[in-house]
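Quick one: structure below, then a few questions.
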Amino acid sequence: MNTFAEEFPELALPATGEVFPNPQVLVLNEPLATELGLDPQWLRSPAGIDFLTGQGDCVALGYAGHQFGQFNPRMGDGRALLLSEHTDPHGKNWDIHAKGTGRTPFSRGGDGHYPLDAALKEFAFAESLHALGVPTARSLAVLTTGGTVPRRRLHPGAIGVRVASSHIRIGTFQYAALLGPSVTDRLTRYALARHFPAGSSPLDLFDATVVRQAELVANWMRFGFIHGVMNTDNVAISGETIDFGPCAFMDYFATDTVYSSIDTRGRYAYAQQPAVMMWNLARLAEALVPLVDEGVKKFTERLQRYQPQYGAAWDKAMAAALGAEGCAEQLLGLLEVAAPDYNALLAGLTPGEVPPGLEGIPGAAEWTERWSALDPQPRNPIYLPRNHGLQAALVEAEQGDIGRYLLTLEALRNPYEWDDKYEKLGLHAAVPRAEAEFTTYCGT
Ligand code: AMP
Ligand code: MG
């Protein structure tokens, strides 16, 4: 089933996956497959592998996007395919989408391939975000292709299969807008029917997207998550985190933290994310303006609601982390001065004790006293995909030993439950990182 491709031949070009030397399922998300009503055994069978590698009638989705602020009118799935839409046993619709399936009409100079470490990284972060309650696309499977992918070095080739409630992005609306208001109008109706209550208007779609994205970014900020490449093609209307290739959880607190090797100017640094999302939402508004009378005025008014909504969502997210309301703003000031390991600080919060990393910092004792008096019940993860721990698992997996990676996934799926068997994985939030520098080249 592919309702999107049927309704939008101009936004979804027919394409088929490359035939690879030896495609094999390396990691299958069995709990997710079962939730979706997909048979894990079938997915592992030759017919299942044909499906997962796009050996059928698939489409490459078209979209435009602002990449680091520059408009690119024709991006699209250059190394990915929408395999199918799928209805789960509860009647909810999902896109099943595979990345690394070879070249498509949108590939430009690219090879259409996906290195194994990047596919496994995406899987691990998706499981982690999901377990933390942050809306995200999920990974269903990672396959090895039997081929190799040259990047900074030679990697085993992979296909990452993921599910999301759709792949309609701000960039999809930007692409539709270039094709004309009638396409935008149809896309809006389709997106409304798929994601929003009946009777909604384009302004309702925008309002709801503003709320979802404000809440999403607030949750990223709570956990110190840096998406890495918040181009408008990487922002889903559904409010799920997507396309987080060069992402990371921040180690040492600094508002200008960037992990992505390509973000040389810090456009998508940690503390930029809320403002960048508002900028991206303005691009969505531009695409929708022609559909509404006095559109410029109305969308501009609606866009202004983002900041208060983000502020309220951040207060709520931080109140959950600290286990008390009204203390986050002041803590932020201390974090900026002390630059402690952010997640270690949260994981180590204990009433009556100055948080780890803030010892001796002016104002820290006062903050601790005020916070402790509120009888706080902080709740923060024990396990996160800490950069060095995950990196080590990815290196071993590429060398053919998947054991550490599988145990890593298990820990990330139960981030609030201590277990001694996860001791040596380097995922503990509470253990401050020894070295400060880390750059991610993943996702390329
Ligand atoms: P991303 O950074 O994954 O969001 O990709 C940005 C754009 O570049 C999208 O249009 C991708 O489809 C395209 N792209 C990225 N890597 C490749 C590749 N290896 N081959 C073809 N297209 C690619
Ligand atoms: Mg993208």
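The values are calculated or read from the model by the stated rules, or taken from the named source; none is laboratory data. If you're wondering where the values come from, they're calculated on a predicted model, not measured in any experiment. When we count neighbours, we look across all protein chains shown, and the Cβ atoms used for this are built from the backbone with ideal geometry, even at glycine. To get the accessible areas, we keep the full protein, side chains included, count just its heavy atoms, and leave off ligands, DNA and RNA. Shrake-Rupley method; radii C 1.70, N 1.55, O 1.52, S 1.80 Å.
Looking only at the stretch 1-24, how many residues end up being closer than 18 Å to residue 142 by Cβ and crowded, with 19+ Cβ neighbours inside 10 Å?
Qualifying residue count, the stretch 1-24: 4.
Out of the residues in the stretch 234-243 that are touching a strand residue (DSSP E or B) at 6+ places or on another chain (Cβ under 8 Å) and open to solvent by 10 Å² or more (accessible area, probe 1.4 Å), state the one that is nearest to ligand 2 (Cβ to nearest atom).
So, considering only residues that are touching a strand residue (DSSP E or B) at 6+ places or on another chain (Cβ under 8 Å) and open to solvent by 10 Å² or more (accessible area, probe 1.4 Å), the one nearest to ligand 2 (Cβ to nearest atom) is 234.
If I ask for residues that are over 10 Å from the mean Cα position of the chain (by Cα) and away from ligand 2 (no atom under 16 Å from the Cβ), which ones from the stretch 217-233 would you list?
Result: 217, 218, 219, 221, 222, 223, 224.
Here's a follow-up. Please count how many residues of the stretch 198-230 are open to solvent by 10 Å² or more (accessible area, probe 1.4 Å) and within 16 Å of ligand 1 (Cβ to nearest atom).
Of the residues in the stretch 198-230, 1 are open to solvent by 10 Å² or more (accessible area, probe 1.4 Å) and within 16 Å of ligand 1 (Cβ to nearest atom).
May I pose another question? Identify, please: which residue in the stretch 185-197 is farther than 19 Å from residue 306 by Cα and in contact with a Leu (Cβ under 7 Å, 6 or more places away or on another chain) and is, among those, most open to solvent (accessible area, probe 1.4 Å)?
185
Could you go through the stretch 158-171 and let me know if any residue there is closer than 15 Å to residue 289 by Cα, in contact (Cβ under 8 Å) with a residue 40 or more places away in the chain and of a type in the set (A, V, I, L, M).
Yes, the stretch 158-171 contains a residue that is closer than 15 Å to residue 289 by Cα, in contact (Cβ under 8 Å) with a residue 40 or more places away in the chain and of a type in the set (A, V, I, L, M).
Okay, residues lined up against (1) under 19 Å from the mean Cα position of the chain (by Cα); (2) surrounded by fewer than 22 Cβ atoms within 10 Å (Cβ to Cβ); (3) within 16 Å of ligand 2 (Cβ to nearest atom):
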site	(1), (2), (3)
128	yes, no, no
132	yes, yes, no
142	yes, no, no
169	yes, no, yes
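Scan 40, 21 and give me the residue that is under 26 Å from the mean Cα position of the chain (by Cα) and not hydrophobic (A, V, I, L, M, F, W, C).
40
Here's a follow-up. Which residues, counting only those in the stretch 60-102, are farther than 19 Å from residue 230 by Cα and within 16 Å of ligand 2 (Cβ to nearest atom)?
60, 81, 82, 95, 97, 98, 100, 101
Still on this model: Could you check residue 306 against (1) free of Cβ contacts under 8 Å to residues at least 12 places away in the same chain; (2) open to solvent by less than 10 Å² (accessible area, probe 1.4 Å) and say which number it fails?
Just one mismatch for residue 306, condition (1).
For the stretch 103-112, which positions are within 15 Å of ligand 2 (Cβ to nearest atom) and either open to solvent by 20 Å² or more (accessible area, probe 1.4 Å) or modelled with pLDDT under 95 (or both)?
Listed by number, the residues that qualify are 108, 110.
Please verify whether the stretch 99-119 includes one or more residues that are outside the structural domain of residue 214 (by TED's automatic domain parsing) and away from ligand 1 (no atom under 15 Å from the Cβ).
No, there is no match, as no residue in the stretch 99-119 is outside the structural domain of residue 214 (by TED's automatic domain parsing) and away from ligand 1 (no atom under 15 Å from the Cβ).
Identify all residues within the stretch 269-296 that are in contact (Cβ under 8 Å) with a residue 60 or more places away in the chain and either hydroxyl-bearing (Ser, Thr, Tyr) or not assigned by TED's automatic domain parsing to the domain that holds residue 440 (or both); write none if there are none.
none
Quick grid of which residues meet (1) at pLDDT 95 or above; (2) farther than 26 Å from residue 248 by Cβ; (3) in contact with a strand residue (DSSP E or B) (Cβ under 7 Å, 6 or more places away or on another chain); (4) crowded, with 22+ Cβ neighbours inside 10 Å:
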| site | (1), (2), (3), (4) |
| --- | --- |
| 341 | yes, no, yes, yes |
| 346 | yes, no, no, yes |
| 352 | yes, yes, no, no |
| 356 | yes, no, no, no |
| 371 | yes, yes, no, yes |
| 376 | yes, yes, no, no |
| 385 | yes, no, yes, yes |
| 397 | yes, no, no, yes |
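Considering only residues that are open to solvent by 10 Å² or more (accessible area, probe 1.4 Å), away from ligand 1 (no atom under 16 Å from the Cβ) and over 16 Å from residue 67 (Cβ atoms), which ones fall in the stretch 244-266?
252, 254, 255, 256, 257 - these are the residues of the stretch 244-266 that are open to solvent by 10 Å² or more (accessible area, probe 1.4 Å), away from ligand 1 (no atom under 16 Å from the Cβ) and over 16 Å from residue 67 (Cβ atoms).
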